[in-house]
Amino acid sequence: MGKNQLLLLLHFIFFIKLISLQPISTTEFIFNTFNSSNLTLHGATTLDEEHNILTLTNNSAFTMGRAFYTSKVPTRTPNTSKIISFYTSFIFSMTPVKGSFPGHGLVFLFSPFATIEGGSSAQNLGLFNRTNDGNEDNHVLGVEFDVFENPVFSDIDENHVGVDVNSLTSVVARSAGYWDDVKVDKFKSLKLNNGVNYQVWIDYQDSLLNVTMAVAGMTRPKKPLISDSLNLCDVFLDEMYVGFSAATGQLVETHRILAWGFSNTDFLVGDRLVTSNLPSFLPPGTSVFATKRFIIGMSVAIVLFICCALLICVLLIKRRRKMKRDLEAMEEWELEYWPHRITYQEVYTATKGFSDENIIGVGGNGKVYKGVLVGGVEVAVKRISHETEEGMREFLAEVSSLGRLKHRNLVGFRGWCKRERGSLILIYDYMEYGSLDKWVFECDESVMLGWKDRVRVLKNVAAGVLYLHEGWESRVLHRDIKASNVLLDRDMRGRLGDFGLARMHGHGLAAGTTRVVGTAGRPIEEGKPPLVDWIWGLMEKGELVNALDENLKAKGGFDSDEVEWVLRLGLLCAYPDPGTRPTMRQVLKVLDRTPSTDESEGDLLEKMKSSTMWSKYRRGSHKGAHPTFEQIRQSISSSMSLSGSDIIMEGR
């Protein structure tokens, strides 16, 4: 090699070295307060001028917001694939909104663009949408703080921190919290969206990403929450925007950034964030024992508490004296049913002050609460409005009828209570399994009552009605028998309840029903025959078994002959001619398959087997036509009263 060529080679090597020694551009900033001059805001993001903080989303549903540092930051050494180290720390707060379920979370991110395009709300956190999630051309790195467990993204739980690379399916995720510095194996969980201010540290150096978090004001834990080897060569461009994204959906919470620092060179950038005297966004009722505001307020509260306690004592003494002096004037009906009366205080305590948490049902005239009386007795407490005439009628009907009836197939009546200028209250035995309709109409197939259980409950109800018609000193007409008024006790035994429309008649009175009362039932679908006509038609075709619900058929366990037997009995009970209908005693014997020598019961069995009488119905030779649904609907408005004209046929 010649001398000139050697000199040329040395100059070339020197030039390459000179280029490689050129300083790398770096970025560093500290924001202990925020202003619009150094941030780009998108979507729902705003600057809270009162606290000088960043609010990514407010208390609105289906919103998203982003905030970016105005300039791009260097992320890769020019003309190489080497990723530049970065260190960032920020303080955030997620606060639930009263009356809404909280969600969804926020993300610290690197992005090629400082826009909001490409993101969507709810579980997407404003980061991606359905079409671009998982696209390698996104060039996005995110660290998510997610409070919604979405199986679509393989989330580990509903309170986690995850690292996202071009996708919302995290490459690594951990439950939110930190490792104790003293007890190194002790992990302390943190709830992300309880309103507490948390500080986060995120570092990337030599392909190692560390994510650490703790309560703001604490020293940075030594052991990171996440430490993962991550190659970002195919993710980062030479320069990227850095910032935050957050979103709400049907789940709503407020996402705030209180302080933020970023550096390519300073590992301790988080130490320069101000963590004292930060605004508090704890929701009402959250403990704040460690704050100065609490200490000052507590000092004042102690003095006020003593004064209030003395005042309350004086008022209680006066109230008790007044109650002894001014006994509530009792109405005539109260004197008759006094033995069943329970004190209001006992009922109030049993229901925890009529707490909404104790509500187990809502009726037309009030709510039903679960309660526990002194001694641990579980009861159902029905609170009826005293303001309406209908509510008063229902109350008196229940007390006057059910209050004196005792039968294992009737809901047990414990007592009543009347609050001055307030509510009328009825107390019953608590039925563990609720109403029958929840087990036959509004339930999963796995828990739906099978055929045998339904027949057993049918027998229970028939036994209860027989007692009402024949077993007491007066005949009691329930007038509103339906699935929602049949309750199931702990043995799944059917008990008839809700006597709000009940009437009593003396035995031996000749009567005839003059109007429809109670619940007319659900409307028949347009274009389809009434339910009774439909069953009649199936019977004429010999297809009565097809009347069974498809889910019940799938469950199995029924006997086709028994199904036909029960449905024929039901048709007899709904027969247009009242004189043809069976008595409840006959119904019960038929259900029990009890042999009988009684001539009338023998006739009943023949009617069930014969098709002649059914054809009479179809030809219209019956005495009275079965009412159509429209006739029932038109009469319903005038049928809810307890007038003297509402009576039934003898023995039915």
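We did not get these values from a lab; they are worked out from the coordinates using the rules stated. In this text the structure is predicted, and so the values were computed from the model without any measurement. All Cβ positions, even for glycine, are placed from backbone atoms using ideal geometry, and neighbour counts span all protein chains on display.
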Label-point separation, Ile306 to Lys183 (7 Å along Cα→Cβ), nm: 4.0 nm
Efficiency of FRET from Cβ geometry, Asp491 and Asp48, R₀ 60 Å, rounded to 0.05: 0.50
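Ranked highest first by average number of other Cβ atoms within 10 Å, how do 243-253, 453-463, 28-38 line up? Before the final figure, lay out the partial values.
Details: 243-253: 24.6, 453-463: 19.7, 28-38: 13.9.
Peptide ranking by packing, descending: 243-253, 453-463, 28-38.
Taking the Cβ of Val107 as the center, what net charge do the other residues with Cβ under 15 Å away carry, scoring Lys and Arg +1 and Asp and Glu -1?
On the way: positive: Arg66, Arg256; negative: Asp133, Glu144, Asp146, Asp155, Asp164, Glu253.
Net charge in that neighbourhood comes out at -4.
Where a ≥ b ≥ c are the square roots of the eigenvalues of the C-alpha gyration tensor, would you call the range 29-272 rounded, which needs a/c under 1.5, or, failing that, prolate if a/b is larger than b/c, or oblate? Provide the component values of the computation, followed by the final result.
Working: a/c = 1.22, a/b = 1.09, b/c = 1.12.
Rounded shape, in that the Cα axes give a/c under 1.5.
Order the peptides 275-282, 165-172 from the highest to the lowest mean number of other Cβ atoms within 10 Å of their residues.
Numbers: 275-282: 14.0, 165-172: 18.6.
The peptides rank, most packed first, as 165-172, 275-282.
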Pairwise FRET efficiency - Arg419 versus Asn135, Cβ, R0 = 56 Å, nearest 0.05: 0.30
Net charge of neighbours whose Cβ lies under 14 Å from the Cβ of Gly375, counting Lys and Arg as +1 and Asp and Glu as -1: -2
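Do any GluC sites (Glu not before Pro) in the range 405-506 lie in a loop, going by DSSP, with at most 15 other beta-carbon atoms within 10 Å of their beta carbon, and if so which? Before the final figure, lay out each step's value.
Numbers: sites: Glu420, Glu432, Glu442, Glu445, Glu470, Glu473; in loops: Glu420, Glu432, Glu442, Glu445, Glu473.
When the GluC sites (Glu not before Pro) of the range 405-506 are filtered for loop state and at most 15 Cβ neighbours within 10 Å, Glu420, Glu432, Glu442, Glu445, Glu473 remain.
Tell me, in nm to one decimal, what length is gained between Glu550 and Leu208 on full extension, where the rule is 0.36 nm per residue of separation less the Cα-Cα distance?
Additional length available on full extension: 117.2 nm.
Residues with beta-carbon under 12 Å from that of Glu158, excluding Glu158: net charge, scoring Lys, Arg +1 and Asp, Glu -1?
Numbers: positive: Lys191; negative: Asp146, Glu149, Asp155, Asp157.
Every neighbour counted, the sum reads -3.
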HN-Hα J in Hz across the range 465-477 - Karplus 6.51, -1.76, 1.60, θ = phi - 60°, x for Gly and Pro: 5, 4, 4, 5, 7, 10, x, 10, 5, 10, 7, 9, 9
Estimated inter-spin distance, Glu470 and Ile359, nm [label 7 Å along Cα→Cβ]: 4.3 nm
Listed peptides 407-413, 147-153 by packing density, highest first (mean Cβ within 10 Å): 407-413, 147-153
